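What follows is a single structure, written as structure tokens, with notes after it.
Every read-out reported here was derived from the displayed coordinates using simple, explicitly stated rules and does not represent laboratory data. What you see is a predicted model; the values in this text were computed from it and never measured. Here the Cβ positions follow ideal geometry from the backbone for every residue, glycine too, while neighbour counts run over all protein chains shown.
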Amino acid sequence: MMIGTKTARVAVAATAVALACAGAVAPASAAGVRPVTAQASPANATPHVHQPTAAANQCLHKWTFQSMGLNDSSPAGYLNVDGGGGNTSWVITWYSSPSASNEYWCMEPASEGGWYFHPSYDLSLCMDVPNGRYAANQDLWIHTCNGTIAQRFTFGSGDTLIRTEGNLDYGLEDNGYGHVVTLEKSPARSYWR
């Protein structure tokens, strides 16, 4: 299905994420976001960001987010956790590697609004704006989930798909392969699909 506007893509992507979190499987072509269904887990294995449980490492639906690239000669990279690391590891853009768990994200809706982005290999971790500092060139990292607004992101419209819930003026900027993803106001290279 051809989608004519970026706003429509955002609506389809948000719907696909909501369906995945509800247990439904969204079409793989929804706005370019690729769901990957992991092995089934016990019905009572529900991870919580505020209190990680023994089931915290079970993710039913894994998602990748691909940027639109730096320019026509630089192919798009994927939102990734540097080296598949733990607490305080940087969020980077990297080449696609379907076998690498640090390329996949588990989405959890936040009751306060927005979404928590968990690296698929450890749901006790969340993508985070360090110290809640919303400013241009602010690096993003992975931090132990604490339920703060600095760990909630939303899907915006226009040229920025992933925005910070704490300050909707800022979106995630692709700075090229191997470089840390940063916050930018109305970033030029931040449309993620």
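Quick notes on this structure:
- Nonlocal amide H pairs with Cys145, under 5 Å, H built at 1.01 Å: Leu125, Cys126
- Here Ile149, Ile162, Ile142 are placed in order of increasing Cβ neighbour count within 10 Å, fewest first, which gives Ile149, Ile162, Ile142.
- Here Arg163, Arg133 are placed in order of increasing Cβ neighbour count within 10 Å, fewest first, which gives Arg133, Arg163.
- Annotation: the residues Leu60, Leu79, sorted from fewest to most other C-beta atoms within 10 Å of their own C-beta, follow the order Leu60, Leu79.
- Counted charge near Cys126, where neighbours are those whose Cβ lies closer than 9 Å (Asp, Glu -1; Lys, Arg +1): -1
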